[in-house]
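Since the structure comes first, as structure tokens, the remarks are kept for the end.
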Amino acid sequence: MTASAQPVSMNAMAGYEELCRTAIFGPAQSALWVSNWVSECKPDAIIATLYADNGAILALPLEVVSIGPFRVAQFMGGRHANGNFPATALEWLPNATPRSLIPLLDAISRSRSDIDVVTLDRLLPELDRKLNPLLAFPSFNSPNVSLAGNLSGGFDATLERFNGNSKRRKYRSQSRKFDAAGPYRRIEAKTPDETRALLDAFFAMKEARFRKAGIANVFADARVRAFFYRLFASALTQPVPRFMLHGLEVAGKFRAITGSSRCENRLICEFGSIADDDLASVSPGGFLFFENIREACEQGFAIYDFSVGDEPYKRQWCDIEIQHAEVLLPLTLKGHAFAFGLQLNAKFKAYVKSRPAIWNLMKLVRRKMSSRDAKPAKETD
């Protein structure tokens, strides 16, 4: 086997798109995601490709970022890329071994000697019962669990597994309250204008909620927002859109929004948020999830995946815990030191998040500090 690593160009993207036509891959490794991230975020990017006699069998689109004195190659999208699974030819998957993947690393190192470490994080262990080939490398558990719900048997059977009578009563109560507040509807963005309206509302919701929680806004960068506008709008041109937006509108205002992706036998909630307003107590997010999950069942999905993060509202629908994995591949002596630090940091996060008392205390402190920092400074004479 041979391998190459080259800067992203029209020819490189054409080769990647060709592989994706028949390969299996995660949403953030789709050609649609990669091409739009490159167009809007202008990363320092490469595509590393592994070849066999019949052509490309695995490809890794990576962006190279600086973290202090270190140069790190990571999945395109950074923290926005979850459930990662590289574009891989199905017939080659059973043959993935560390030895077979070494040419890929050699090609990256030859092409970009400045890269200290390749970080392959939030790796989905399997997709459609196919094992992730990158887990042929040594790995360790991601600090954040991912939750999903089994949809077998359809929506009625799914409800019964998750306290169905209570969910139906709550749904009827929510419907009455939304109806009393004004006309309500669930919509799916079908045009670029609807896409922009939903995303504008989502970004505003997230900004407010992140500020309240004392969390850095991962959607603050205008280039990242432009990427999501373009990703969801361009998905509308596909026969079956791989990415889609849903919203709950009540009295002419969006109260809850989700962004989802289709991936093999699962529907994945990539992100979601609710408006912090007079109807927040009615749980518009829960109402929208009820409708999204019902539709996922009707469309024949086997799994509804809430993606990374352990939250009570997710537990209400989930009976599957998915343990994502991390792979660190140092290419230089500096890279070995950095990888060691990253692994220690991941273990510390996992320790904290596995102990609710400590984790809740840290979140409380973060909110308090954010509230303090948000207060206007006192005037001085």
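The table that follows gives values for the structure above.
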| quantity | calculated |
| --- | --- |
| Filter pass, ALA136 being farther than 23 Å from SER9 by Cα and assigned by TED's automatic domain parsing to the domain that holds GLY15 | yes |
| Any hit, the stretch 92-104, residues being in contact with a strand residue (DSSP E or B) (Cβ under 6 Å, 6 or more places away or on another chain), more than 30 Å from PHE340 (Cβ to Cβ) and touching a residue at least 60 places away in the same chain (Cβ under 8 Å) | yes |
| Residue in the stretch 63-81 that is in a loop (DSSP other than H, G, I, E, B), touching a residue at least 12 places away in the same chain (Cβ under 8 Å), surrounded by 24 or more Cβ atoms within 10 Å (Cβ to Cβ) and not assigned by TED's automatic domain parsing to the domain that holds ALA235 present | yes |
| Subset of the stretch 276-319 [part of a strand (DSSP E or B) and either at pLDDT 95 or above or in contact with a helix residue (DSSP H, G or I) (Cβ under 6 Å, 6 or more places away or on another chain) (or both)] | ILE303, TYR304, ASP305, PHE306 |
| Count of residues meeting criterion [touching a Gly at 6+ places or on another chain (Cβ under 7 Å), crowded, with 21+ Cβ neighbours inside 10 Å and of a type in the set (Gly, Ala, Ser)] in the stretch 203-258 | 1 |
| Residue match in the stretch 326-333 (condition: surrounded by fewer than 17 Cβ atoms within 10 Å (Cβ to Cβ) and either in a strand (DSSP E or B) or among the β-branched types (Val, Ile, Thr) (or both)) | yes |
| Residue check, PRO138 closer than 27 Å to ASP44 by Cβ, surrounded by 16 or more Cβ atoms within 10 Å (Cβ to Cβ), touching a residue at least 40 places away in the same chain (Cβ under 8 Å) and not hydrophobic (A, V, I, L, M, F, W, C) | no |
| Boolean, ILE115 is over 27 Å from PHE301 (Cα atoms) and part of a loop (DSSP other than H, G, I, E, B) | yes |
| Any hit, the stretch 201-209, residues being within 24 Å of VAL34 (Cβ to Cβ), modelled with pLDDT of 95 or more and not charged (D, E, K, R) | yes |
| Scan of the stretch 46-59 for residues that are of a type in the set (A, V, I, L, M) and either surrounded by 19 or more Cβ atoms within 10 Å (Cβ to Cβ) or on the phi > 0 side of the Ramachandran plot (or both), ordered by number | ILE46, ILE47, ALA48, LEU50, ALA56, ILE57, LEU58, ALA59 |
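The values are calculated or read from the model by the stated rules, or taken from the named source; none is laboratory data. If you're wondering where the values come from, they're calculated on a predicted model, not measured in any experiment. A quick note on method: Cβ atoms are made from the backbone with ideal geometry, for glycine too, and the neighbour counts reach across all protein chains shown.
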